[in-house]
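J.: Sharing a structure here in structure tokens format.
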Amino acid sequence: MNSKEMVKVAVEALDDRKGNNIKIIDIKEISSIGDYLVIADGSNANHVQALCDNVGEMMHKAGCKLKNKEGYSNGGWILMDYYDIIIHVFSETERSFYDLEHIWRDGKYVLSGDL
């Protein structure tokens, strides 16, 4: 499965559980850590964890291998590394504080329909 297909699965999983403000950033031209970042937020820690649980389940069913997951027990910011794509799921407060969209502003925003 290529990175675009992985992003589609992740976005569908986030959308299925009502993830908020889902953004896809193409970083392959500016970073060697992966091809895409997927950023979303949930309304509280339980919602953030539920979003990540669904992403993990759908990615596993699609045959994607999880390299690393961090922050699950806290639920404020969970990072899921699938080698070519990195998924960040935040609480609304944490997302605003860390502002990854600003940090990765040199990347290209992608609409899920353009993948």
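J.: Once the other residues with Cβ under 13 Å from the Cβ of Cys52 are scored (Lys, Arg +1; Asp, Glu -1), what is the net sum?
T.: Taking every Cβ under 13 Å from that of Cys52, the sum is -4.
J.: Let me ask another. In which sequence would Tyr72, Tyr82 go, from the one with the fewest C-beta neighbours within 10 Å to the one with the most?
T.: Tyr72, Tyr82
J.: Got a sec to turn the phi values of region 98-109 into Karplus ³J(HN,Hα) couplings, 6.51 cos²θ - 1.76 cosθ + 1.60 with θ = phi - 60°, whole Hz, x for Gly and Pro?
T.: Per-residue couplings from phi come out as 7, 6, 4, 4, 6, 4, 9, 5, 7, x, 9, 6 Hz.
J.: Now a separate question. Hey, could you get me the Stokes-Einstein D for region 3-114, Kirkwood radius over alpha-carbon pairs, 4 °C and 1.567 mPa s, rounded to whole µm² s⁻¹?
T.: D, rounded to a whole number, is 95 µm²/s.
J.: While we're here: If neighbour count is taken as other Cβ atoms inside 10 Å, put Asp41, Asp81 in order from fewest to most.
T.: Going from least to most buried by this count: Asp81, Asp41.
J.: If you add up the charges near Ser43, with Lys and Arg at +1 and Asp and Glu at -1, over every other residue whose beta carbon is less than 14 angstrom from its beta carbon, what do you get?
T.: For residues surrounding Ser43, the net value is 0.
J.: From the C-alpha gyration tensor of region 21-65, pull out the three semi-axes of the equivalent ellipsoid (sqrt of 5λ each), sorted largest to smallest, in whole Å.
T.: 22, 16, 7
J.: Please list the non-local residues whose amide H lies under 5 Å from the amide H of Asp35, H modeled 1.01 Å from N, same-chain partners needing a gap of 5 or more.
T.: Answer set, sorted by chain and number: Ile85.
J.: Let me ask another. Give me the net charge of Lys4's neighbourhood, meaning all other residues with Cβ under 10 Å from the Cβ of Lys4; Lys, Arg count +1, Asp, Glu -1.
T.: The answer is -4.
J.: Another one. How much of the DSSP beta bridge set in the chain is antiparallel, as a percent to the nearest 5?
T.: 70
Throughout, read-outs are computed from the coordinates displayed, never taken from laboratory work. What you see is a predicted model, and the numbers here were worked out from it, not measured in a lab. Note that each Cβ is placed from the backbone with ideal geometry, even for glycine, and that neighbours are counted across all protein chains shown.
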